[in-house]
Amino acid sequence: MSLLLDTRTFIYLISEYQRVPPGVLARMESSSLVVSTLCLWEMLIKAGKGRLRVDTEGSTLTDFWLGQCEALELNILPIDTADVRHLEQLPDFHKDPFDRLLICQAIEHGLAIVTPDSQIRGYPVKTLWD
């Protein structure tokens, strides 16, 4: 099964590798890894608000993100209409719009989400962390 990284997991991989549990790292090494363009969007918003600091090594955040995706051999998943239509069926107990759309992408594309976010586990989607 392919694994969809949430934004926090992506950030851990590029800056705090040790925060990802060893068993999760092992699964990731033997799986196809996917990251949504939603991740970049969320990072740009957080960085713009001063809530995220990433050493981009002199690049723009977008170019840095794309370079990291390439270096980590991540497949980039665009957002499309088929993903968004799942929003209407999701229960509304998780208020983060980025996570809700990520859940929709996982449902639409049959992906498990790699995330430390326990609220995501309440949705009808496979997750991986512990």
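With respect to L4, determine if the residue is buried (at least 19 other Cβ atoms within 10 Å of the Cβ), touching a strand residue (DSSP E or B) at 6+ places or on another chain (Cβ under 7 Å) and modelled with pLDDT of 95 or more.
Details: buried (at least 19 other Cβ atoms within 10 Å of the Cβ): yes; touching a strand residue (DSSP E or B) at 6+ places or on another chain (Cβ under 7 Å): yes; modelled with pLDDT of 95 or more: yes.
Considered against the rule, which asks whether it is buried (at least 19 other Cβ atoms within 10 Å of the Cβ), touching a strand residue (DSSP E or B) at 6+ places or on another chain (Cβ under 7 Å) and modelled with pLDDT of 95 or more, L4 comes out as yes.
In the range 109-130, the residue that is farthest from P21 (Cα to Cα) out of those that are surrounded by fewer than 14 Cβ atoms within 10 Å (Cβ to Cβ) and among the small types (G, A, S) is G110. So which of Q119, Q105, Q68 ends up being under 24 Å from S2 (Cβ atoms) and in contact with a Leu (Cβ under 7 Å, 6 or more places away or on another chain)? Sole residue among the options that is under 24 Å from S2 (Cβ atoms) and in contact with a Leu (Cβ under 7 Å, 6 or more places away or on another chain): Q105. Among the residues making up the range 107-130, a single one is over 16 Å from the mean Cα position of the chain (by Cα) and assigned to a helix (DSSP H, G or I): G122.
The values are calculated or read from the model by the stated rules, or taken from the named source; none is laboratory data. Computed from a predicted structure; not experimentally measured. Quick reminder, even Gly has a Cβ in these numbers, built from the backbone with ideal geometry, and neighbours come from all protein chains shown.
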